Amino acid sequence: MNIALWIVQGVLALGFVYSGWMKAVQYEKGAAAWGWVKEVPRGLVVAIGILELLGAVGLVLPLATDVAPILTPVAAIALAAVVLFGALFHLLRKEYREIGINVVFIALAAIVAVGRL
């Protein structure tokens, strides 16, 4: 079970590093890839990206270093909340294609949260 959780954490962290990097550091690429980015204040998009990057670190580092390992499930719960709000945002905008990946990320984050608590 531990190995499976580490795999899920790694996949989840990589997904959030990619998404967060595009939003926080490569804003123009993010705007080109995701249409909604152009319609949301840049500061909000960058803030979401930074939260995703921090959350990705929180998924792996605390448990890997055995320094405050309780932060790993906390990070998973926080990231699930960020993604849930993203799914609701896409639902309100009738961007139904975008919701699928949100559901996958919420499920993976929930698996990590429950498995690590």
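FYI, it's all coordinate maths here, none of it is from the lab. All values derive from a computational prediction rather than experimental measurement. Note that we place each Cβ from the backbone using ideal geometry, even for glycine, and neighbour counts take in every protein chain shown.
List of remarks:
- Sites residue 18 and residue 103 - FRET efficiency at Förster radius 22 Å, r taken between beta-carbons, to 0.05: 0.80
- The mean sequence separation of alpha-carbon pairs under 8 Å and at least six residues apart, normalised by the residue count of the chain, gives a relative contact order of 27 percent.
- More than 18 angstrom apart: percent of Cα pairs within region 2-116: 49 percent
- Between residue 11 and residue 38, the FRET efficiency estimated from the beta carbon spacing at R0 = 22 angstrom works out to 0.20.
- Chymotrypsin sites (Phe, Trp or Tyr not before Pro) restricted to DSSP loop in region 42-117 with at most 14 other C-beta within 10 Å: none
- A helix-only calculation puts the chain at -28500 deg cm²/dmol for mean residue ellipticity at 222 nm, using -39500 (n - 2.57) for each DSSP H run of at least four residues, averaged over all residues.
- Amide H contacts of residue 95 (H built 1.01 Å from N, under 5 Å, at least 5 apart or other chain): none
- Phi-based couplings in Hz for region 102-109 (Karplus 6.51, -1.76, 1.60; Gly and Pro marked x): 4, 5, 4, 5, 5, 4, 5, 5
- Within a straight-line Cα-Cα reach of under 18 Å, residue 94 can be paired with the following aspartates and glutamates, leaving aside sequence neighbours fewer than 8 residues apart in one chain: 39.
- Length-normalised contact order of region 62-114 in % [C-alpha pairs under 8 Å, at least 6 apart]: 41 percent
- The 3J(HN,Hα) values that the Karplus relation (6.51, -1.76, 1.60; θ = phi - 60°) gives for region 63-80 are, in residue order, 6, 5, 9, 6, 10, 6, x, 5, 5, 5, x, 5, 4, 4, 5, 5, 5, 4 Hz. Gly and Pro appear as x.
- Within straight-line cross-link reach of residue 38, aspartates and glutamates at Cα separation under 12 Å, skipping those fewer than 8 residues along the same chain: 28
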